[in-house]
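Everything below concerns the one structure shown next.
The values are calculated or read from the model by the stated rules, or taken from the named source; none is laboratory data. Since the model is a prediction, treat every value here as computed from it, not as a measurement. In this analysis, Cβ positions are derived from the backbone assuming ideal geometry, glycine residues included, and neighbour counts consider all displayed protein chains.
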């Protein structure tokens, strides 16, 4: 009788614990540009520009609602780095950058070094040799 009671108490302790759901990647989704600064100059090219970050490291650029389908685009990101880092690859060139997602998850700022393969910006503030894009999350209606 003691053995059965012991097993009844011990089995739940030995059972695998449910793991927390992995955190949703805050980059995933579609983002609409609200401003752009290139090499310390405001750039109107942000108008109609959208970035979309998908699963498996895929990203896309949209201009006026149409996808720029020229070539493979991929990204890697490390949200645990301080500041968070991102590398966008397009046409075989890698643009290294840093990014921040706003506390409510509805804004995104990315600063990339230009030209490609030229290192990583020190921070998010616009600087010479960088492109800084500010975006807002596009509502999916869900």
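Consider residue 79 against the criteria (1) within 13 Å of the chain's Cα centre (by Cα); (2) at pLDDT 95 or above; (3) over 15 Å from residue 30 (Cβ atoms): it satisfies all of them except one. Which criterion is unmet?
(2)
Which of the following residues is in contact (Cβ under 8 Å) with a residue 40 or more places away in the chain and out of contact with any helix residue (DSSP H, G or I) (no Cβ under 8 Å at 6 or more places or on another chain): 78, 39?
Values: 78 fails: in contact (Cβ under 8 Å) with a residue 40 or more places away in the chain.
Result: 39 is the single residue among 78, 39 that is in contact (Cβ under 8 Å) with a residue 40 or more places away in the chain and out of contact with any helix residue (DSSP H, G or I) (no Cβ under 8 Å at 6 or more places or on another chain).
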